[in-house]
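Everything below concerns the one structure shown next.
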């Protein structure tokens with residue numbers, strides 16, 4: 001068993017925390033830019049009597065949704081990822097005993 005994974009040092013924890021916080025901050029910036037740009041596109045579209053702004057809203061919205069899913073559920077530090085890692089740890093520990 002790798003002891004650095006089981007007992008990470010303070011430096012390792014700090015590095016991981018900064019990386020995870022940076023990834024989440026990147027999503028918040030992405031969401032903020034999405035809202036600002038799409039408000040402008042909706043305003044332009046509405047002022048000209050068209051409804052084409054829904055297409056960039058949906059397309060970019062899908063990208064934002066996927067970005068969020070990766071950050072909060074799939075990437076290391078995401079809850080889904082953490083649950084999978086913990087399940088694998090339990091399975092490996094059970095295998096070592098058995």
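Bear in mind that the values in this text are calculations on the coordinates, not laboratory data. If you're wondering where the values come from, they're calculated on a predicted model, not measured in any experiment.
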Quote to one decimal, in nm, the extra length available between residue 85 and residue 42 on full extension: 0.36 nm per residue of separation minus the C-alpha distance between them. 11.2 nm
Of 55, 28, 81, which is the most mobile in a GNM of the chain whose springs link Cα atoms less than 10 angstrom apart? 55
Using only alpha carbon pairs under 8 Å that are at least six residues apart, calculate the relative contact order of segment 26-98 and give it in whole percent. 22
Using Rg/Rh (Cα atoms, Kirkwood Rh) as the read-out, say which of (1) 1.01; (2) 1.24; (3) 1.11 was calculated from these coordinates. (2)
Can you give the calculated 222 nm mean residue ellipticity of the chain, where each DSSP H run of n ≥ 4 adds -39,500 (n - 2.57) and the sum is split over every residue, rounded to the nearest 500 deg cm²/dmol? -27000 deg cm²/dmol
